[in-house]
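Contents: one structure, followed by commentary.
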Amino acid sequence: MPSLRTALLQSSGRPGAVAENLKALDEAAARAADAGARLLVAPELFLTGYAIGDAVPELAEPAEGPGAKAIAEIAVRHGLAVLYGYPERDGERIFNASQLIGADGVRLANYRKTHLFGCFEQQWFTPGEQTVVQAELDGIRIGLLICYDVEFPENVRAHALAGTDLLLVPTAQMHPFQFVAESVVPVRAFESQMYVAYVNRTGPEGEFEFVGLSCLAGPDGVVRTRAGRGEELVIGEVDPEFLAASRAANPYLADRRPGLYGSLA
């Protein structure tokens, strides 16, 4: 099975300006496709911006809303799948969500963030209730989490047990928590034997300072590609043959003793 070339778009776009963010995503998709990528991953809430405060209800849209339709057109135009973050409206509730759209423009998966970070998110968003959301892309099982979710090892292990090969984590990682991007994410990839694409915002936005450092970490705990602190598009390979060999050599999942862990829940 061939590798899945994956592009990570590290950018904050322009908060509150959906049309401009769609344009930036379109341009990144063109560059990613030219580099042979089959998947483009954008950060948490990339469609609208993160620190948009009172504009959250105004800019939130259904999973099949106009933003999704515009991104489906981008995916088809450039022939690659796109994962992006957005505020999802479902009736009176708003979720911090991410959506994966295939190269044919068809929605493959929609995930709602289960662990909300800080007062801002808890004020505006309802936590999701489904831990494991997956899709198939080029023979690789894709899983979705968002930012703070990946800092809970239970979430990532649940994906490992469900067979996730590549975990996509759009994020809004802020100062002073850059150790998550530098250390926690590669460890998560190693201990649960999967690839993890962690894709961050960058620079100042409202009261926040996003640290960049987006990365694609492999099941050996080694980072395949890493962005710096500014706007950047980086590309890495998700190699299913290496993943299979790593899982065969690493005993973590096989040596688990679930009967001892009941008290953890």
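The values are calculated or read from the model by the stated rules, or taken from the named source; none is laboratory data. This one's a predicted model, so the numbers in the text were calculated from it and none came from an experiment. Here Cβ is always computed from backbone atoms with ideal geometry, including for glycine, and neighbour counts include all displayed protein chains. For the accessible areas, the whole protein counts, side chains as well, though only heavy atoms, and no ligand, DNA or RNA atoms are used. Shrake-Rupley method; radii C 1.70, N 1.55, O 1.52, S 1.80 Å.
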Being at pLDDT below 95 and either out of contact with any strand residue (DSSP E or B) (no Cβ under 9 Å at 6 or more places or on another chain) or under 23 Å from N155 (Cβ atoms) (or both) narrows L213, L264, L243 down to just L264
Going residue by residue through region 84-98, is there one that turns out to be assigned to a helix (DSSP H, G or I) and more than 17 Å from the chain's Cα centre (by Cα)? no
(1) open to solvent by less than 30 Å² (accessible area, probe 1.4 Å); (2) out of contact with any Asp or Glu (no Cβ under 8 Å at 6 or more places or on another chain) all hold for P176 apart from (1)
Quick check, is V41 in contact (Cβ under 8 Å) with a residue 40 or more places away in the chain, surrounded by fewer than 24 Cβ atoms within 10 Å (Cβ to Cβ), more than 19 Å from E121 (Cα to Cα) and among the β-branched types (V, I, T)? no
When region 185-231 is checked residue by residue, the ones that are of a type in the set (D, E, K, R), surrounded by fewer than 22 Cβ atoms within 10 Å (Cβ to Cβ) and outside any helix (DSSP H, G or I) are E205, E207, E209, D220, R224, R226, R229, E231
Which of the residues belonging to region 20-38 are in contact with a helix residue (DSSP H, G or I) (Cβ under 9 Å, 6 or more places away or on another chain), hydrophobic (A, V, I, L, M, F, W, C) and without any contact (Cβ under 8 Å) to a residue 60 or more places away in the chain? L22, L25, A29, A30, A33
Being in contact with a strand residue (DSSP E or B) (Cβ under 7 Å, 6 or more places away or on another chain) and basic (K, R) narrows it down to one of R257, R188, so name that one. R188
Apart from one, (1) among the hydroxyl-bearing types (S, T, Y); (2) closer than 30 Å to A24 by Cα; (3) touching a residue at least 40 places away in the same chain (Cβ under 8 Å) all hold for S246; the odd one out is (2)
Within region 122-134, count every residue that is touching a Lys or Arg at 6+ places or on another chain (Cβ under 8 Å) and either open to solvent by 80 Å² or more (accessible area, probe 1.4 Å) or within 30 Å of L80 (Cβ to Cβ) (or both). 5
Which one is nearest to I142 (Cα to Cα) among residues in region 50-90 that are surrounded by 15 or more Cβ atoms within 10 Å (Cβ to Cβ) and of a type in the set (D, E)? E88
So, in region 189-227, of the ones that are of a type in the set (K, R) and more than 14 Å from the chain's Cα centre (by Cα), which residue ends up farthest from Y86 (Cα to Cα)? R224
